[in-house]
Amino acid sequence: MIVIENVAVATVDAGDTYHADGHVVVGDDGRILAVGAGPAPQTGPDGLGGGAAGAAGGAGEVRRVDGTGCLVTPGLVNSHHHLYQWATRGLAVDETLFGWLTTLYPIWGRLDADVVGAAAGAGLGWLALSGCTTSMDHHYVFPREGGDVLAAEIEAARRIGLRFHPTRGSMDLGRKDGGLPPDNVVESTDEALAATEKAIDDWHDPSPGSMLRIAVAPCSPFSVTERLMSEAAELARRKGVRLHTHLAETDDEEDFCRERFGCTPTEYAERLGWLGDDVWLAHGVHLDDSAIAKLGATGTGVAHCPSSNARLGAGAARVRELLDHRVPVGLGVDGSASQEASHLGEELRQALYTARIRGGPTALNAREALRLGTMGGARCLGRDDEIGTLEVGKLADLVVWRLDGLGHAGIDDRLAALVFGPAAPVELALVGGRPVVERAELVHADAETLAREAARAHRRLLDGER
């Protein structure tokens, strides 16, 4: 059992309950036993109060954490990422999305399992240090001689200790057929569908509290055929898994869809069965009123990636309007090659600032920004019944942020300090009640080792070695 006391608590529950001085108690089963104001309930030999609650949580050694100067929140949920891109950071820094992609695709064609494993280890370790407890990954580049790159990133997630939702991505529309990616990095439609089904069969764990779930994720309208999009949706629904893709990220994509399909990206997605409460879309920057209304009516989610969209000059998503239409909106850092900072905690502030640039100072507040990074992401991933809030019975995926240092001195409201202030150190991060970060250090991996491995992978990839 872990008892966190003397701490500010932002629960992100339906009422946005906030305790300036409160507690959270985690049972031995990795679920939240108690959360509230003031000191924690007494613990006896059978758990809280020695009664039924203790029996539910199990009886064991009690660890007490003094949260003085800290804020505890649900763990952040990263709803869009490309972990392999850690190996190609800092390239094509002044390009738009299409120029950036055409520069990097030939390099990505040399990916292999060793490079992806090293990149994923660095990316997931950095995410954990930035307050992330659950991350998805959108991997869609599968060179024929690259080995099992999906297994490599899954092993990296186990190494770091994060809850992981990798997606089996795909591309089957190469340059010779009018798509953007070079032909050597695309699969045939049948190959992509068969490999996606195998990934679900091999890896997907639908059980309660699962640490690993797979989703189906053809890459984008400009790299995937209509057949792959529609049959991938059918496959996902037959298997009972979720769907993810890029949509409405840039003006170039809008022009591509109108020229090739005679409609907007959202209309194209609707035509192919890609709107629904089992779907979440990356970016959603260029959505008109009709598109936003369709997403809201169908429960289709959006992974908002403000820093990546700014880095590539793609624009700013209409987050206020999306929320007003009840669209599930999560936060994503996006790939490390289009958002080199990749710090999910800082993305809270970026989301708030981006919304206010569009809509003024009332467009988004600190509580709403935190909700995007927690419950919003949980909804996108279909885990809102288990994570995303601090409530009794939910999985103990949580972060204790230290907010009493120089960078936050003088900000009395700890939630404002977290969102408006500089990146806060993670004092403690739990995934299912198990520590993955302690005092701003990874528990299960060494950051310096991860950095060396990532640097070697970067050099080998750019030098063209296999």
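The values are calculated or read from the model by the stated rules, or taken from the named source; none is laboratory data. If you're wondering where the values come from, they're calculated on a predicted model, not measured in any experiment. Neighbour counts are summed over all protein chains in view; Cβ atoms, including those assigned to glycine, are modelled from backbone coordinates with ideal geometry.
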Only residues that are in contact with a Ser or Thr (Cβ under 6 Å, 6 or more places away or on another chain) and part of a loop (DSSP other than H, G, I, E, B): list them for region 285-312, please.
L312
I'd like to know if region 194-206 contains one or more residues that are assigned to a loop (DSSP other than H, G, I, E, B) and surrounded by 22 or more Cβ atoms within 10 Å (Cβ to Cβ).
no
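Given the criteria crowded, with 23+ Cβ neighbours inside 10 Å, closer than 29 Å to L370 by Cα and either out of contact with any strand residue (DSSP E or B) (no Cβ under 6 Å at 6 or more places or on another chain) or in the same structural domain as E427 (by TED's automatic domain parsing) (or both), does A156 qualify? Spell out how you get there, then give the answer.
Working: crowded, with 23+ Cβ neighbours inside 10 Å: yes; closer than 29 Å to L370 by Cα: yes; either out of contact with any strand residue (DSSP E or B) (no Cβ under 6 Å at 6 or more places or on another chain) or in the same structural domain as E427 (by TED's automatic domain parsing) (or both): yes.
When the stated conditions are applied, A156 passes them.
Looking only at region 182-200, how many residues end up being of a type outside the set (V, I, T) and touching a Lys or Arg at 6+ places or on another chain (Cβ under 8 Å)?
Going through region 182-200, the residues of a type outside the set (V, I, T) turn out to be 182-184, 187-188, 190-195, 197-199.
Within this subset, residues satisfying the condition of being touching a Lys or Arg at 6+ places or on another chain (Cβ under 8 Å) are 182-183, 195, 197, 199.
Final tally of qualifying residues: 5.
Filter region 361-384 down to residues that are of a type in the set (D, E, K, R) and not in a loop (DSSP other than H, G, I, E, B) and give me whichever is surrounded by the fewest Cβ atoms within 10 Å (Cβ to Cβ).
Taking region 361-384 as the starting set, the residues that turn out to be of a type in the set (D, E, K, R) are 367-368, 371, 379, 383-384.
Filter once more, keeping what is not in a loop (DSSP other than H, G, I, E, B): 367-368, 371, 379.
Working: R367: 14, E368: 20, R371: 26, R379: 23.
Top of the filtered list is R367.
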Kindly indicate which of D94, D66 is assigned by TED's automatic domain parsing to the domain that holds V333 and of a type outside the set (V, I, T).
D94
Only unsatisfied item for A113, checking (1) aliphatic (A, V, I, L, M); (2) touching a residue at least 40 places away in the same chain (Cβ under 8 Å); (3) farther than 23 Å from L430 by Cα, is (2)
Within region 80-98, how many residues turn out to be buried (at least 20 other Cβ atoms within 10 Å of the Cβ) and hydrophobic (A, V, I, L, M, F, W, C)?
4
Yes/no for V327 being in a loop (DSSP other than H, G, I, E, B), over 30 Å from G121 (Cα atoms) and in the same structural domain as D205 (by TED's automatic domain parsing):
yes
Name the single residue, out of those in region 329-346 being farther than 16 Å from A248 by Cβ and free of Cβ contacts under 8 Å to residues at least 60 places away in the same chain, that is surrounded by the fewest Cβ atoms within 10 Å (Cβ to Cβ).
A341
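What residue, of I357, I387, is touching a strand residue (DSSP E or B) at 6+ places or on another chain (Cβ under 7 Å) and either outside any strand (DSSP E or B) or polar (S, T, N, Q) (or both)?
I387
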Would you mind finding the one in A282, A317 that is in contact with a Ser or Thr (Cβ under 9 Å, 6 or more places away or on another chain), surrounded by 24 or more Cβ atoms within 10 Å (Cβ to Cβ) and part of a loop (DSSP other than H, G, I, E, B)?
A317
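Consider V12 carefully, then state whether it is modelled with pLDDT of 95 or more, touching a Lys or Arg at 6+ places or on another chain (Cβ under 9 Å) and not acidic (D, E). First the steps, then the outcome.
Values: modelled with pLDDT of 95 or more: yes; touching a Lys or Arg at 6+ places or on another chain (Cβ under 9 Å): yes; not acidic (D, E): yes.
Answer is yes for this residue.
Of everything in region 121-137, what is of a type in the set (A, V, I, L, M) and under 13 Å from G161 (Cβ atoms)? Give them in sequence order.
Going residue by residue through region 121-137, those that are of a type in the set (A, V, I, L, M) are 122, 124, 127-129, 136.
Scanning region 121-137 gives L124, L127, A128, L129.
Going through L450, L430 one at a time, which residue ends up being outside any loop (DSSP other than H, G, I, E, B), under 17 Å from G131 (Cα atoms) and at pLDDT 95 or above? Working first, answer last.
Numbers: L450 fails: under 17 Å from G131 (Cα atoms).
Matching residue, one of L450, L430: L430.
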